[in-house]
Amino acid sequence: MSDSEALIRIEHLYKIFGSRPQTKLSLVKQGISKQELLEEHHHVLGLSDINLEIPKGSLQVVMGLSGSGKSTLIRHINRLIEPTAGEIWVGSGDVLKMEKVQLREFRRHRTAMVFQRFALLPHRTVLENVSYGLNIQGIAKDEAYKRAERWIERVGLAGYEQHFPAKLSGGMQQRVGLARALATDADILLMDEAFSALDPLIRTDMQNILLDLQEELHRTIVFITHDLDEALKLGDQIAILRDGGMVQQGTAQQIVMKPADDYIMDFVRDINRARVLRIRGVMAREGLPENADGAIPEHISLEDALPRLASAGHEAVPVQNKQGQVVGSITVEAVIQAMIRPDHDNRN
Amino acid sequence: MDFFEEMPSLGRRDLMNLRKGIDAGFRSFSRSYGEDLENFFDPLLQFLIFFEKLLIAAPWPIILLIIASLTWLGSRSWKIAAGSVICFILIGYLGMWEDTMSTVAMISVATLICISIGIPIGVLMSRSDRLQSIITPVLDVMQTIPSFVYLIPVVMLLGIGKVPGLLAVCIYALPPIVRLTNLGIRLVDKQVLEAADAFGSSYWQRLKDVQIPLALPNIFAGVNQTIMMALAMVVIASMIGVKGLGIPVLQAIANQYLALGLFNGLAIVALAIIFDRVTQAFGKRLQRHQVGGPNV
Ligand SMILES: Nc1ncnc2c1ncn2[C@@H]1O[C@H](COP(=O)(O)OP(=O)(O)OP(=O)(O)O)[C@@H](O)[C@H]1O
Ligand SMILES: [Mg+2]
């Protein structure tokens with residue numbers, strides 16, 4: 001995964017909210033705190049020196065507490081928010097250089113967004129909502145409905161085509177939101193706390209739907225959450241924001257095993273490692289075993305893997321993905337090592 | 001101490017000259033442009049006359065049939081449709097058919113004009129706070145100035161007749177639709193708007209797919225109020241030559257004919273109630289997609 005090239009590249013991105021943001025840029029670059037900028041200069045620090053590379057086909061989670069700048073960051077990718085300074089590249093395209101019409105085409109075909117509060121069109125049926133992005137692209141109605149129907153089925157809403165959103169539960173509404181975003185065939189999916197408004201059970205459902213779809217679609221997904229469990233479950237890569245700054249980036253494994261500071265430490269201290277860490281995050285990816293005898297699936301948790309590993313003794317056990325390909329190997333020692341709570345010694 | 005006893009004011013002669021000056025200015029304006037204005041409004045006049053003649057000339061059962069189907073299409077309620085038909089039968093039976101048709105023609109044309117001018121103004125107004133702060137006081141004046149007062153310049157410009165009457169009605173009835181269009185668009189959910197932008201909507205797509213449909217219940221409340229205000233102007237408009245139910249009311253006032261005044265007044269009330277119920281029921285149906293909305 002690390003060798004595939006970045007699809008989205010964010011470089012030295014700054015965003016300051018207020019009446020004259022440019023004049024405060026140098027202060028921010030000198031490292032003025034968010035608090036001080038607000039109290040003495042009446043500007044809000046949205047983002048400060050964000051650098052992020054997101055590989056094609058990966059699921060990047062952005063995590064942080066409320067007000068840390070997550071929504072601000074994701075809205076820069078499709079330029080719903082203009083930065084104060086910095087660069088945003090998608091593929092070989094400079095997003096900030098796009099003219100109005102180009103930007104519109106970019107939003108129509110390259111990016112699609114899923115919102116925390118769904119943001120569906122209340123006066124349109126499920127079918128009309130899902131085909132909304134296709135309407136905007138100018139695709140003929142019949143064709144748009146045909147494609148929309150496929151996605152409605154994919155997210156498990158077949159039979160609800162003619163219902164209005166207000167008559168559906170939150171979970172079903174967000175399925176509509178997800179189908180609407182997927183239907184445009186945009187290769188970048190921007191999800192701003194897409195599952196945060198849902199009940200825990202429904203939320204787990206939605207996470208599984210997303211993972212299943214992603215397994216097959218390989219879209220590039222930027223997923224925002226303030227929930228560590230969700231971040232660990234979904235993210236190939238996780239970036240953690242605090243007061244507009246980036247505090248740590250890495251795999252779930254790296255974040256849990258080596259939290260960069262006390263802020264992140266607080267996040268990860270009380271999680272049940274055995275349950276949240278998945279084999280995929282712990283396995284060795286080099287020196288793949290030749291055969292798949294007795295292989296375990298990559299997506300199961302350490303907890304679920306342990307009994308099956310225990311019988312293998314010290315031997316490395318092959319790990320396979322849903323298609324049955326061997327993608328790594330794992331030993332019982334590695335699993336136990338991963339379950340040990342970090343203390344001050346093994347932080348970097 | 002004189003200063004406190006008497007309010008300083010222009011001398012009587014100065015005041016008279018001021019008024020004369022304004023009047024003369026306006027008169028010369030109307031002399032040079034009155035004809036052009038009349039020509040400009042001529043198509044409107046022709047349309048109004050045509051529509052009125054059509055309503056009057058059409059056989060009454062056909063009109064009743066049209067009323068029944070329009071009210072039913074608008075409200076989807078048999079009660080409202082039947083009530084409307086009964087009202088019109090009574091009106092005809094009491095000898096007010098022609099006047100009522102004239103009034104209906106005038107109200108319909110006035111409402112169409114208000115909608116086609118008011119909605120675009122409301123849309124523009126919702127886009128800019130500055131425009132809103134300019135237009136709002138103008139609307140306030142239009143609504144509060146006694147309606148007789150703006151009959152004067154209208155009559156000076158265009159004389160007496162249908163067009164000036166129509167104009168007076170429109171000026172009076174325009175504000176609610178402008179206000180409620182503006183309000184409705186400003187109240188549209190910001191998140192849905194953001195979604196529209198995120199999917200790459202152009203300005204027009206945003207307006208027609210999101211803003212107008214979501215503002216429609218409010219816009220429709222504006223249409224309803226506009227119709228009500230137009231009806232309220234029927235009597236006043238008849239003072240400057242608009243045919244219809246207002247004329248007998250004026251006669252009744254001048255000659256103290258109680259029954260005549262009452263019948264025609266009640267006919268106006270009946271029209272108001274019918275228009276109101278039908279447009280309100282239609283407005284409610286526009287919100288049927290909302291939680292708890294009717295399942296029609
Ligand atoms: N338009 C704006 N004007 C001024 N300040 C803003 C604006 N938008 C965001 N902010 C500020 O920028 C900071 C980051 O906001 P942002 O919405 O990105 O946070 P978030 O991480 O998404 O939080 P949440 O979890 O509550 O959604 C906050 O301090 C917020 O108050
Ligand atoms: Mg947010």
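The values are calculated or read from the model by the stated rules, or taken from the named source; none is laboratory data. Being a predicted model, the structure only gives us computed values, none of them experimental. Here Cβ is always computed from backbone atoms with ideal geometry, including for glycine, and neighbour counts include all displayed protein chains. We work out accessible area using only protein heavy atoms, side chains counted, and drop any ligands, DNA or RNA first. Shrake-Rupley method; radii C 1.70, N 1.55, O 1.52, S 1.80 Å.
Some points to look at:
- Rolling a 1.4 Å probe over the protein heavy atoms gives segment A:231-320 an accessible area of 47 Å² per residue.
- ³J(HN,Hα) computed for each position of segment B:50-64 - Karplus, 6.51 cos²θ - 1.76 cosθ + 1.60, integer Hz, glycine/proline x: 4, 5, 5, 4, 4, 4, 6, 6, 5, x, 4, x, 5, 4, 4
- Computed over chain A: relative contact order in percent, which uses C-alpha pairs under 8 Å that are six or more apart: 17
- Column: log10 I(q)/I(0), Debye, Cα scatterers of segment B:33-285, q = 0.15, 0.16 Å⁻¹: -1.13, -1.23
- J(HN,Hα) series, segment B:167-183, from Karplus relation 6.51 cos²θ - 1.76 cosθ + 1.60, nearest Hz, glycine and proline x: 4, 4, 4, 5, 4, 6, 8, 5, x, x, 5, 5, 4, 6, 5, 4, 4
- Carbon-plus-sulfur accessible fraction, segment B:224-296 (probe radius 1.4 Å, protein heavy atoms only): 65%.
- Shielding by partners - mean other protein chain Cβ count within 10 Å, residues of A:122-129: 3
- Interface between chains B and A: roughly 2100 Å² of accessible area buried, both sides summed (probe 1.4 Å, protein heavy atoms only).
- Contact order relative to length of chain B, as percent, for alpha carbon pairs under 8 angstrom and 6 or more apart: 21
- When peptides A:218-225, A:29-36 are sorted by average Cβ neighbour count within 10 Å, with the highest value leading, the order is A:218-225, A:29-36.
- Adding -39500 (n - 2.57) for every DSSP H run of four residues or longer, then dividing by how many residues the protein assembly as shown holds, sets the calculated 222 nm ellipticity at -18500 deg cm²/dmol.
- Heavy atoms of A:V126 accessible to a 1.4 Å probe, total area in Å² rounded to 10: 0
- Remark: segment A:156-172, residue by residue, has Karplus-estimated 3J(HN,Hα) of x, 10, 3, x, 9, 3, 9, 7, 8, x, 4, 8, 9, 6, x, x, 5 Hz, where x stands for each Gly or Pro and the curve is 6.51 cos²θ - 1.76 cosθ + 1.60 at θ = phi - 60°.
- Sulfur and carbon atoms: percent of accessible area, segment A:56-271 [1.4 Å]: 46
- Most fluctuating residue given options B:I134, B:I89, B:I63, as computed from a GNM of chain B linking Cα atoms under 10 Å: B:I134
- Around the amide H of A:V317, modelled in the peptide plane, lie the amide H atoms of A:I330, A:T331, all under 5 Å away and 5 or more residues distant in sequence or on another chain.
- Of A:K34/A:K70; A:K56/A:K97; A:K56/A:K100, those spanning more than 18 Å from alpha-carbon to alpha-carbon: A:K56/A:K97; A:K56/A:K100
- Cross-link reach is defined here as a Cα-Cα straight distance under 17 Å, omitting same-chain residues fewer than 8 places apart; for B:K208 the lysines meeting it are A:K141, B:K190.
- Residue by residue along A:135-142, Cβ atoms of other protein chains within 10 Å of the local Cβ number 2 on average.
- Amide H contacts of A:L7 (H built 1.01 Å from N, in plane; Pro and chain starts excluded): A:I54, A:K56 sit under 5 Å, all sequence-distant by 5 or more or on other chains.
- Gyration tensor verdict on chain A (Cα atoms; rounded if a/c is under 1.5, prolate if a/b is larger than b/c, oblate otherwise): oblate
- Structure remark: mean-square fluctuation, Gaussian network model of chain A, C-alpha springs under 10 Å; the largest value among A:P83, A:P122, A:P55 belongs to A:P122.
- With all protein chains in place and a 1.4 Å probe, the accessible surface of segment A:274-346 carries 49 percent carbon and sulfur.
- Segment B:33-285, accessible area per residue, ligands and nucleic acids excluded (1.4 Å, Å²): 49
- The protein assembly as shown: antiparallel DSSP beta bridges as a percent of all, rounded to 5: 55
- Whole-number percent relative contact order across segment A:53-153, with pairs defined as alpha carbons under 8 Å at least 6 apart: 14
- Spatially proximal aspartates and glutamates relative to A:K146 (Cα-Cα < 12 Å; intrachain offsets below 8 disregarded): A:E128, A:E161
- 29 Å Cα-Cα reach of B:K243 towards lysines, excluding residues that sit fewer than 8 places from it in its own chain: B:K53, B:K162
- Per residue, the accessible area of segment A:40-193 comes to 38 Å², computed with a 1.4 Å probe over protein heavy atoms only.
- Peptide B:198-209 - average C-beta neighbours from other chains (10 Å radius): 6
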